[in-house]
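K.L.:
Got a structure for you, written out below as structure tokens; questions coming shortly.
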Amino acid sequence: MGVNDMISTFEVVRNEQRCIQCRVCETQCANLVHYYHPDTGLMMSDESKCVNCQRCVALCPTRALKIMKNRCRMRENANWSQDTILEIYKQADSGAVLLSSMGNPNPLPVYWDRILINASQVTNPPIDPLREPMETRVYLGRKPEQISRKEDGSLDTKLAPQLQLSLPVMFSAMSYGSISYNAHASLARAATELGIYYNTGEGGLHQDFYRYGAHTIIQVASGRFGVHKDYLEAGAAVEIKMGQGAKPGIGGHLPGTKIVGDVSRTRMIPEGTDAISPAPHHDIYSIEDLRQLVYSLKEATEYKKPIIVKVAAVHNIAAIASGIARSGADIIAIDGFRGGTGAAPTRIRDNVGIPIELALAAVDTRLREEGIRNRVSLVVGGSIRSASDVVKAIALGADACYVATAAVLALGCHLCRTCQTGKCNWGIATQRPDLVKRLNPDVGSERLVNLMNAWKHEIKELLGGMGINSIEALRGNRLMLRGVGMTEKELEILGIAHAGE
Ligand code: SF4
Ligand code: SF4
């Protein structure tokens with residue numbers, strides 16, 4: 001036992017009067033926290049292993065369990081927090097880089113919460129979405145500078161390939177391997193039913209999901225796992241992953257323990273081999289190189305599919321986006337520093353990147369100033385939590401949003417942030433067959449559809465309140481936003497006025 005194991009992060013509180021020793025908690029916990037003690041006839045807990053995933057709490061039939069933050073605290077120290085001290089112990093035990101999952105949990109500003117949305121009052125009256133038509137459909141892809149029509153009124157301009165979305169939200173990249181077969185099945189089915197898209201991530205596309213190709217974005221990342229001709233043809237769009245918000249500047253690593261069975265076949269690498277994506281694409285060191293890959297993929301897909309380039313939000317994101325727009329990409333996806341992940345070095349996740357709100361505003365401004373905004377659509381992700389975040393993102397200049405954490409929450413995730421262990425008790429971030437089957441894809445897809453339909457209603461209400469009846473009319477309309485509690489500089493970058501102005 002290391003020093004670290006002596007100080008549990010969580011405390012398992014069991015109400016002995018309610019506990020009936022049914023041992024459900026024992027069977028449900030993949031971390032082996034609960035066990036039956038035959039001598040005392042009582043259930044016991046090894047709290048050092050608990051990650052607070054809430055599975056046992058939710059399934060205990062007598063509500064006998066609570067998981068608390070350990071009330072036993074080390075001596076207070078404003079500089080050396082208990083978490084920091086425990087990390088030192090852990091690294092002194094292991095000599096290893098600390099790994100984490102999901103998004104940056106630190107109390108850095110969430111700009112969405114400092115932005116407020118306008119509403120119509122006396123003049124320019126609001127629109128009632130129950131009685132008036134509201135258009136939430138959006139099209140992603142390069143837009144023509146001008147359109148011309150034939151004599152009969154039909155369109156004469158040849159349009160670049162577009163993705164049509166019934167609402168401005170898509171499920172972001174999560175690879176098969178980092179999440180389970182049933183999680184992917186849930187996302188694929190829900191995207192198809194909703195008329196939106198889900199994203200394979202960098203793990204290839206399982207044979208069973210080719211039938212959902214019309215609602216699939218297939219990803220080409222630096223490791224090129226699972227990339228072949230049929231794969232490129234299978235999706236509705238191809239995404240080149242240059243970076244990810246949770247780990248900008250580094251590659252990916254799926255441990256060999258997760259490369260089993262179908263995951264290994266789909267990735268086209270041997271079982272048990274670590275899937276390591278290099279930090280750079282080894283054929284891309286400039287915008288010209290990126291352009292070559294963009295056009296290679298366009299050639300390979302006969303110019304029928306939009307090409308997305310995904311990057312992490314970093315300091316000079318506006319210049320980077322300008323280059324990507326000029327590389328021939330049809331869509332730029334920008335992932336903010338709070339974006340989720342199945343596994344990332346903790347120091348990278350918590351210290352690298354910038355907020356998506358500032359990145360989006362800077363990119364939209366730059367592309368407009370350069371007169372190339374119509375060349376690309378902008379999709380943003382990195383902790384889009386609700387319909388109001390979506391509406392704020394659209395008003396700041398996005399065409400659509402990517403969601404991943406919100407989607408896995410809908411599937412049952414309790415944000416324990418230990419996906420990297422592969423022991424997800426909710427059947428999402430795991431390949432263990434006994435855990436995978438805990439997520440029923442029928443239920444999962446229904447919950448995703450419900451979530452997106454709820455957001456769609458809320459988006460319509462927010463639009464109607466502003467007196468706007470389409471997403472298109474809101475896009476980049478920053479007059480609909482006001483800031484609270486921000487500095488002049490923050491407001492300047494966001495391009496919005498302070499509340500009261
Ligand atoms: S890890 Fe999850 S299931 Fe196990 S004891 Fe902790 S909260 Fe319960
Ligand atoms: S997906 Fe599973 S392991 Fe990952 S944070 Fe959610 S509940 Fe925890």
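K.L.:
Scan region 407-424 residue by residue and report those that are surrounded by fewer than 24 Cβ atoms within 10 Å (Cβ to Cβ) and either part of a helix (DSSP H, G or I) or within 10 Å of ligand 1 (Cβ to nearest atom) (or both).
P.N.:
Of everything in region 407-424, those that are surrounded by fewer than 24 Cβ atoms within 10 Å (Cβ to Cβ) and either part of a helix (DSSP H, G or I) or within 10 Å of ligand 1 (Cβ to nearest atom) (or both) turn out to be Leu409, Ala410, His414, Cys416, Thr418, Gln420, Thr421, Lys423.
K.L.:
Of the residues Asp389, Asp434, which is within 15 Å of ligand 2 (Cβ to nearest atom), part of a helix (DSSP H, G or I) and acidic (Asp, Glu)?
P.N.:
Asp434
K.L.:
Just to be sure before I move on: is Val51 in contact with a helix residue (DSSP H, G or I) (Cβ under 6 Å, 6 or more places away or on another chain) and within 16 Å of ligand 1 (Cβ to nearest atom) in the structure I sent?
P.N.:
Criteria not met by Val51.
K.L.:
Within region 249-256, can one find any residue that is farther than 19 Å from Cys419 by Cβ and assigned by TED's automatic domain parsing to the domain that holds Arg347?
P.N.:
Yes; the residues of region 249-256 include at least one that is farther than 19 Å from Cys419 by Cβ and assigned by TED's automatic domain parsing to the domain that holds Arg347.
K.L.:
Looking for something in contact with a strand residue (DSSP E or B) (Cβ under 9 Å, 6 or more places away or on another chain), under 14 Å from Met170 (Cα atoms) and modelled with pLDDT of 95 or more - is there at least one such residue anywhere in region 419-428?
P.N.:
No.
K.L.:
Restricting attention to region 128-152, report how many residues are modelled with pLDDT of 95 or more and among the β-branched types (Val, Ile, Thr).
P.N.:
Number of matching residues: 2.
K.L.:
Here's something else I'd like to know. Go over the candidates Pro129, Pro107 one by one and state the one that is surrounded by 14 or more Cβ atoms within 10 Å (Cβ to Cβ) and not polar (S, T, N, Q).
P.N.:
Selected residue: Pro129, the only one of Pro129, Pro107 that is surrounded by 14 or more Cβ atoms within 10 Å (Cβ to Cβ) and not polar (S, T, N, Q).
K.L.:
Among the residues of region 374-394, what is the count of those that are under 17 Å from Glu458 (Cα atoms), buried (at least 24 other Cβ atoms within 10 Å of the Cβ) and of a type in the set (A, V, I, L, M, F, W, C)?
P.N.:
5
K.L.:
With respect to Gln431, is the statement that it is touching a strand residue (DSSP E or B) at 6+ places or on another chain (Cβ under 8 Å) and surrounded by fewer than 24 Cβ atoms within 10 Å (Cβ to Cβ) true?
P.N.:
Here the answer is no, as Gln431 does not meet what is asked.
K.L.:
Same structure again: Tell me, please, whether a residue that is part of a helix (DSSP H, G or I) and either touching a strand residue (DSSP E or B) at 6+ places or on another chain (Cβ under 7 Å) or under 27 Å from Leu140 (Cβ atoms) (or both) can be found in region 239-260.
P.N.:
Checked region 239-260: no residue is part of a helix (DSSP H, G or I) and either touching a strand residue (DSSP E or B) at 6+ places or on another chain (Cβ under 7 Å) or under 27 Å from Leu140 (Cβ atoms) (or both).
K.L.:
Among the numbered criteria (1) within 23 Å of Gly340 (Cα to Cα); (2) in contact with a helix residue (DSSP H, G or I) (Cβ under 6 Å, 6 or more places away or on another chain), which single criterion is violated by Arg142?
P.N.:
Among (1) within 23 Å of Gly340 (Cα to Cα); (2) in contact with a helix residue (DSSP H, G or I) (Cβ under 6 Å, 6 or more places away or on another chain), the lone unmet condition for Arg142 is (1).
K.L.:
Mind checking which residues of region 165-195 are away from ligand 2 (no atom under 16 Å from the Cβ), in contact (Cβ under 8 Å) with a residue 24 or more places away in the chain and either in a helix (DSSP H, G or I) or on the phi > 0 side of the Ramachandran plot (or both)?
P.N.:
Ala188, Arg189, Ala190, Ala191, Glu193, Leu194, Gly195
K.L.:
On the basis of being at pLDDT 95 or above, more than 16 Å from ligand 2 (Cβ to nearest atom) and touching a Leu at 6+ places or on another chain (Cβ under 6 Å), does Val24 make the cut?
P.N.:
It is true that Val24 is at pLDDT 95 or above, more than 16 Å from ligand 2 (Cβ to nearest atom) and touching a Leu at 6+ places or on another chain (Cβ under 6 Å).
K.L.:
Restricting the first residue to region 286-299 and requiring it to be assigned by TED's automatic domain parsing to the domain that holds Ile218 and aromatic (Phe, Trp, Tyr), which pairs with a second residue that is at pLDDT 95 or above and surrounded by 15 or more Cβ atoms within 10 Å (Cβ to Cβ) meet a Cβ separation below 9 Å and a spacing of at least six or different chains?
P.N.:
Tyr295/Ile307; Tyr295/Ser327; Tyr295/Gly328
The values are calculated or read from the model by the stated rules, or taken from the named source; none is laboratory data. Values in this document were obtained by computation on a predicted structure and should not be read as measured data. So basically every Cβ, Gly included, is an ideal-geometry build from the backbone, and we count neighbours across all protein chains shown.
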